[in-house]
Each structure stands twice: as structure tokens, then as C-alpha cells.
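J.: Here's a structure for you.
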Amino acid sequence: MISEVGYSISLTIMSFWSWWWDAQTNLDQLACTILTISVPTLVILWYKWMGTTPLPPGPYGLPFVGYLPFLGNNIHERFTVMAHKYGPIFSLRLGTKLHVVVNSMDLVKVVTRDMDQTFANRCPPQTALAITYGGSDVAWSNNNAHWRHMRKLLVSQVLSHPNLKASQGFRKQEVRKTVNEVYTKIGTKVDINKIAFDTVVNFVTSMLWGCSKSGEGKDSSYIGDGFREVEFKIIELVGAPNISDFIPMLSRFDLQGRLRDMQRQLEFVDSIFDNIIEGRIKENSGKIEGKVREDGRKDILQILLELKDQKDAPMLLDITLIKALLMDIVVAATDTTSTMVEWVMAEILHNPSVMKKVQDELTEVIGMNNIVEEYHLSKLTYLDAVIKETFRLHPPLPLLIQRSPDKSCVVAGYNIPKGCIVYVNVWAIHRDPKNWTNPSEFKPERFLNNNWDYNGKNVKFIPFGSGRRICPGITLGEKMTVYILASLLHSFDWRLHKDEEFELSDEFGFVTKKRKPLIIVPSKRLSDASLYSC
Ligand code: HEM
């Protein structure tokens, strides 16, 4: 609050300054006298209001809309350019809301680790609230008991080591189906993002409710062909600038129709979830004959439904919370992973010597008469370095998920008011010449012979975030990315289609993707045709 007043006073001082300048040049003595007294008074007042901690520096904007009209589309790049001008931490007003952008490794460490507890709230956009049943999921919930319980549930019941091990069969099944499908498209154009997306969505839905999209019997578990478009729309709407967020007093008008649009997406996904959950409840009550899983194991939905009915469960779980959790898993796992597969393929195709090294390694570790299995993956050190280097240059969430302090605090000598929106500019940190030699060059070798990982402890490299809000799906995300890439690169040679022009530009979004989809052509690499069957 104090800083809000201080900010207005500083603006007033600026406009008085230009008036003073005019007055001096016009030799208006009276104006000069008034201003000579009032300017120092305002400066004293400003310091009094602000104490000794001003807001981080930043650009001025227009009344009411702030800097919004000047922001442009590629916000991560714009913020990085602004960091060169205003320094490692700067602030800007978008609409009536104060935003703070953190651009250096040292300050990211302060925000995500030293002061992790203070900066662990989220401040979700309206569209995110709509798609997550009012922010009752893990990703958009504030740092409170509800979030802790939901996150614990996700980590212990879905993403635990035994669960990931047990779901290995599903991953193999989906990857093999994909290799088989690509085999039928040899010599023709393939949209690599779509191929990867379908593989991941089929795997994730198999793990969650045991029946994949392309299963022969399209029963109540069938997720539907339009799901990819709906998911893209969800991600687009969560990242799209919305006047309702910047000027909350206008939110009831939903001027850009973003909320209405998101509610339509919610209806689509919600009806799929309802169908699946109702079907399962009927199965469980014995009204219809349920499918018995071959391994006799329970899938995630079954575990969650049983927890819901458990009297002494540590948290009250209802159907809405189950759906919020399913939404997080399906949305968080699919678009990020398929985007990464596409970026890695794009970088590899752009660097033929890298392609050769990756395929040589695959030949050596797997052999030309064999298929990729999950136990091979940890031996693919060069491919791992290629993926990490791609994560460095193209972090799918270049500003992570916005954070918000639960109390006013001081960072780098600047006042960060409670409730403002804080962005961690990973894109800038991953390309900062202070952190990386020749940062814009694609050099996987920088990730060889070093103990790099994704756990966010070294804030120089944080594609999955850092601190208590770090992505809980790192192991699964990494596993799926490496497995899909290794299989596609081992089974096929790839080239750009002659009609396609090579480019590596991105388009900012909540998940930042390639501006133009990568369309490439596979050719057979292994001589034994049986290695392409499911
Ligand atoms: C390549 C794949 C993935 C990437 C690049 C990725 C990246 C991220 C990033 C950058 C964040 C924000 C961290 C922060 O704010 O500090 C995040 C959060 C999250 N991710 Fe992932 N993710 C991936 C896969 C997954 C998977 C497979 C799941 C789960 C099945 C998942 C679930 C989540 C959830 C629930 C959050 C919110 C965590 C919280 O707020 O407590 N992600 N992810």
C-alpha cells in the first residue's frame, strides 16, 4: 500500500519536473519559485512514504493501462531486453497490477530458495481458475494446507517410484505403437509434435484410467480425437493477456471473452472426466461388469476413488478435487513433453553433426538389431546432453508459473509488495553470458562431464523450476521425453520436407512452442522390418 502511494508520488514528481523545465526556459519566475519549494518537499514526502525501500526500477506506462500497450507478443524476449536496461530486477504496471520480473541467477536464488516460503503463492489468471475448478488443483493453488495435501497425493499416489516403474509397460506399448505408426508414414510428412502428443496422452490416460484413446473398444474411457486442439486452446487461454486480470474491476464484463472461451473447454474435458468417473463408480458397485486389468493392479482413478471413500483419510477428497488432479496431470504432462520432443528434433535437424553423434550413440548402446527399452535410457549420455541443451535454449515455461509474495518484503534493496505478480525469467538466465559461454550457440557438450540435473538446486539451469513449487513431474517428463526421442531417432532417419523452410523461432505462450510446427519426413533406419511392429 505504502509503495502504491510512493509510486504515484514518483509519477507526480516526473510530471512536475518537465513543467519546471518549461517554466525555466520561459523565465516564469513565479512558477520557478513554487516549484523550487514543492519539488524538494515532494521528494522528502516520497522518501517518507517509501521508507528507504523503493520499488524495483522500471518503465512508466499510461494511466489505467500501465505498460500493457507496449508489451508486445514475445513477452519473455521483451522482458530480457528490459532487463538490460533496468537491471536484474525490474517492475512494471500492467493495468492496475504491479508485476516484478527477476532476471538474474542470484536473485532467482533469493526468490525461489532463500525466500521460497514468502514467494510460494500463485495469483492465478481468471482462465486458470476456471479450468482448475476454482484453483483447487496443485499448480494454481496457494501455498496452504490444501496445496500441501494435493501435492502430496500427486507425488505419493501418482508419481511415486513404484507407480512409475509399474506403468513402464504402458509407456512401452504407446512408444511401440508410435514407431509402428510412423513406419506406415515413411517418405511422407509427419507433424512431430502431434506424434509425440498422442504418444504421451495415450500413455497418461492409460496410467490414469487404464484405457487409452486408441484402444479398440471405444468405451467410456475414450478421450476423443479433439482433445489435442482443446488442450492447445486451454494452454493458449491460460497464457493469453486478459484485461480481466490486469484491471480486475472490469472482470465481470469479460471483455475479450476469454473466460467464456475457457468455460467451453472446461465443458468438453469435464464431460470426459464425468463419463469416466461415473463408469468406474458403476463398475465398482458391481452394476456393470468391470474390466479386470491383466496385472491385477489398480489404476490411479481407482486409488483416488478409494481414498475418497476412506473414513480416516488425511484429506477430504471429493469428485471435484479428483477431477482437478486429473486435469493437472493430463494438461501438465502432455503439452510440455510434446513441445520438448519437437524442439529437440528441430535442433538436431539443424545440427547434422549432432544428429550423427546421437545416432552413433544409439547404434552403440542399443544396436541395429534391437529396439529401445527403458533400461537403455540412462546409458544415452550424449542424447541426454542434447536434451538438456535444448531445455536451456527453449525452456517450455520461460517465465515458470507466476509467483506472488504473501507479505511485503525486500529483495536486492527493493520493496516487493504483498500480492504483486512475480515472474522468474528463466529464458534470460539460460541465455545470460555471465552464466554461459556463447549462450546462443547450441552446444550439447556443455552438459557432458558435469553433474547437471533438473532438480533446481543449481539455479543457472531451471527448466522445471526451483524450490517448493518445482515441477513434481520431472522424472516422468524426462523419462517420456528421452524414451520417445531415442525410439524415433533409433528407428528412423529424418529430413526436412523440401517444401518446408528451416526456422527455430518461438511464440510466447504459457507453454512456449515453435512458431511453425516441425514437419519432417522419416525413412527406414533398421533393416529388420519386424523391429517396427508393436
Ligand atoms: C517436459 C515435461 C515438463 C516440463 C518442462 C514441466 C515444467 C514445469 C514447470 C517449469 C513448472 C513450474 C515450476 C515453478 O513454478 O517453479 C511446473 C509445475 C508443475 N508441473 Fe510440470 N513439467 C513437465 C512435466 C510434468 C508432468 C509429467 C507432470 C505430472 C504428471 C507435471 C505436473 C506439474 C504440476 C502439478 C506443477 C505445479 C506444481 C506446484 O505448483 O506445486 N509436469 N512444471
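Conditions tested, residue by residue: (1) more than 11 Å from the ligand (Cβ to nearest atom); (2) in contact (Cβ under 8 Å) with a residue 60 or more places away in the chain.
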residue: TYR86; (1), (2): yes, no
residue: GLY95; (1), (2): yes, yes
residue: SER104; (1), (2): yes, yes
residue: ASP116; (1), (2): no, yes
residue: CYS123; (1), (2): yes, yes
residue: ASN143; (1), (2): no, yes
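J.: Return a yes/no flag: does segment 312-322 have any residue that is in contact with a Leu (Cβ under 9 Å, 6 or more places away or on another chain) and without any contact (Cβ under 8 Å) to a residue 12 or more places away in the chain.
T.: Yes, some residue in segment 312-322 is in contact with a Leu (Cβ under 9 Å, 6 or more places away or on another chain) and without any contact (Cβ under 8 Å) to a residue 12 or more places away in the chain.
J.: Related question: One residue is enough: does segment 414-423 have a residue meeting the conditions more than 16 Å from the ligand (Cβ to nearest atom), of a type in the set (Val, Ile, Thr) and at pLDDT 95 or above?
T.: Yes.
J.: Moving on. Inspect all residues belonging to segment 360-376 and state whether any of them is assigned to a helix (DSSP H, G or I), within 15 Å of the ligand (Cβ to nearest atom) and either over 29 Å from PRO517 (Cα atoms) or small (Gly, Ala, Ser) (or both).
T.: no
J.: Going by what's in this entry, would LEU129 be described as outside any loop (DSSP other than H, G, I, E, B), touching a residue at least 40 places away in the same chain (Cβ under 8 Å) and of a type outside the set (S, T, N, Q)?
T.: So LEU129 does not fit the description; no.
J.: Check off (1) in contact (Cβ under 8 Å) with a residue 60 or more places away in the chain; (2) under 19 Å from PHE232 (Cβ atoms) for ASN202 and give me the number that stays unchecked.
T.: Among (1) in contact (Cβ under 8 Å) with a residue 60 or more places away in the chain; (2) under 19 Å from PHE232 (Cβ atoms), ASN202 violates only (1).
J.: I would also like to ask the following. How do the pairs read when you match residues in segment 491-506 that are under 13 Å from HIS350 (Cα atoms) with residues anywhere that are aromatic (Phe, Trp, Tyr) and part of a loop (DSSP other than H, G, I, E, B), using Cβ under 7 Å and keeping only pairs 6 or more apart or on different chains?
T.: LEU496/PHE502
J.: Let me ask another. For THR188, state whether it is β-branched (Val, Ile, Thr) and in contact with a Ser or Thr (Cβ under 6 Å, 6 or more places away or on another chain).
T.: Values: β-branched (Val, Ile, Thr): yes; in contact with a Ser or Thr (Cβ under 6 Å, 6 or more places away or on another chain): no.
In short, no.
J.: Still on this structure: Run LEU476 past the list (1) within 14 Å of the ligand (Cβ to nearest atom); (2) surrounded by fewer than 22 Cβ atoms within 10 Å (Cβ to Cβ) and report the number of the one that doesn't hold.
T.: LEU476 satisfies all of (1) within 14 Å of the ligand (Cβ to nearest atom); (2) surrounded by fewer than 22 Cβ atoms within 10 Å (Cβ to Cβ) except (2).
J.: Out of curiosity, is MET315 within 16 Å of the ligand (Cβ to nearest atom), outside any helix (DSSP H, G or I), more than 24 Å from LYS379 (Cβ to Cβ) and touching a helix residue (DSSP H, G or I) at 6+ places or on another chain (Cβ under 7 Å)?
T.: yes
J.: With respect to VAL102, determine if the residue is within 18 Å of SER408 (Cβ to Cβ), touching a helix residue (DSSP H, G or I) at 6+ places or on another chain (Cβ under 6 Å), modelled with pLDDT of 95 or more and not assigned by TED's automatic domain parsing to the domain that holds LEU400.
T.: So VAL102 passes the test.
J.: While we're here: Can you pull out the residues in segment 326-356 that are assigned to a helix (DSSP H, G or I), surrounded by fewer than 24 Cβ atoms within 10 Å (Cβ to Cβ) and in contact with a Phe, Trp or Tyr (Cβ under 7 Å, 6 or more places away or on another chain)?
T.: Within segment 326-356, GLU347, LEU349, HIS350 qualify.
J.: Is it true that ARG525 is basic (Lys, Arg) and within 16 Å of the ligand (Cβ to nearest atom)?
T.: It is false that ARG525 is basic (Lys, Arg) and within 16 Å of the ligand (Cβ to nearest atom).
J.: Could you pull out the residue among ILE303, ILE272 that is modelled with pLDDT under 95, away from the ligand (no atom under 16 Å from the Cβ) and part of a helix (DSSP H, G or I)?
T.: That would be ILE272, the only listed residue that is modelled with pLDDT under 95, away from the ligand (no atom under 16 Å from the Cβ) and part of a helix (DSSP H, G or I).
J.: Still on this structure, please answer the following. Filter segment 424-453 for residues that are buried (at least 19 other Cβ atoms within 10 Å of the Cβ) and within 15 Å of the ligand (Cβ to nearest atom); which is farthest from ILE89 (Cα to Cα)?
T.: Ranking the candidates gives HIS430 first.
J.: Further question: Checking the condition surrounded by fewer than 19 Cβ atoms within 10 Å (Cβ to Cβ) and within 21 Å of the chain's Cα centre (by Cα), which residue from ASN163, ASN142 passes? Break it down stepwise before answering.
T.: Working: ASN163 fails: within 21 Å of the chain's Cα centre (by Cα).
Only one candidate qualifies: ASN142.
The values are calculated or read from the model by the stated rules, or taken from the named source; none is laboratory data. This one's a predicted model, so the numbers in the text were calculated from it and none came from an experiment. Cβ sites come from the backbone with ideal geometry, for glycine too, and all protein chains shown count toward neighbours.
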